[in-house]
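Some notes on the structure that comes next.
Every number in this text was worked out from the coordinates using simple rules, so none of it is lab data. Since the structure is predicted, the reported quantities are computational estimates derived from the model, not experimental observations. Glycine also receives a Cβ, built like all others from the backbone with ideal geometry; neighbour counts cover every protein chain displayed.
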Amino acid sequence: MSRAGAPLKGRAGRLARLMPSASPSSAARTPFVLLVVLLLGGGLITLLLLNSALNEGSFRLSELKRDTTELTDEQQALQRDVDSYSQPGALERRARELGMVPGGSPAFLDPDGTVRGVPTKATAPPPSPSPTPTPSPEPTPEDGAQADEAGAGVPSPTPSGTATPSPGAAAEPGSEDAPAPENTPATPPPTTPGR
């Protein structure tokens with residue numbers, strides 16, 4: 001029985017060394033467990049920070065996409081305006097409004113000083129006939145006195161400034177019951193597309 005406390009030799013000794021004893025193993029395991037817990041905690045915190053940074057970036061990206069869409073729409077509206085102003089009819093109308101006239105056939109100067117072509121002065125074409133408003137007849141003191149003397153044969157003025165014939169009086173040729181048309185442009189003004 002004295003052999004129980006004696007060290008084991010051979011195969012039994014090797015097996016005894018492989019099997020850890022109870023007291024030293026718990027003391028050696030504590031730093032390893034702490035290291036694993038710290039690594040796992042640090043990894044989780046890093047993932048949380050990385051995830052929040054990605055979310056912030058995605059919010060910024062969606063905001064920038066929205067701004068880009070708005071700016072693209074505005075650019076397209078401005079391009080439509082430029083296209084409508086650069087059409088030949090619109091350019092001609094604006095030039096006429098500014099008092100410009102077509103130039104006619106051009107003449108060119110060659111490098112040696114000779115003139116090629118026949119230079120002519122630009123003249124404005126006759127304006128297109130447009131309806132002109134006819135002035136409404138306004139009574140003058142002389143006309144008023146004659147109207148009082150003549151009686152019912154002359155139209156009486158109304159507060160609106162238009163003349164209405166009195167009943168029984170014959171209408172004058174060329175006079176109309178409707179008000180005179182206002183000066184309307186030959187072509188309607190361009191309309192810009194809405195936004």
Please compute the net charge surrounding Pro102, taking Lys and Arg as +1 and Asp and Glu as -1 over other residues with Cβ under 14 Å from its Cβ. +3
Please compute the modelled spin-label separation between Gln76 and Ser62, points set 7 Å along Cα→Cβ, answer in nm with one decimal. 2.3 nm
Spin-label pair Ala12/Val118, simplified geometry with 7 Å Cα→Cβ offset, distance in nm: 13.8 nm
Here the convex hull volume per residue of the stretch 37-121, taken over Cα atoms and given in Å³, is 184 Å³
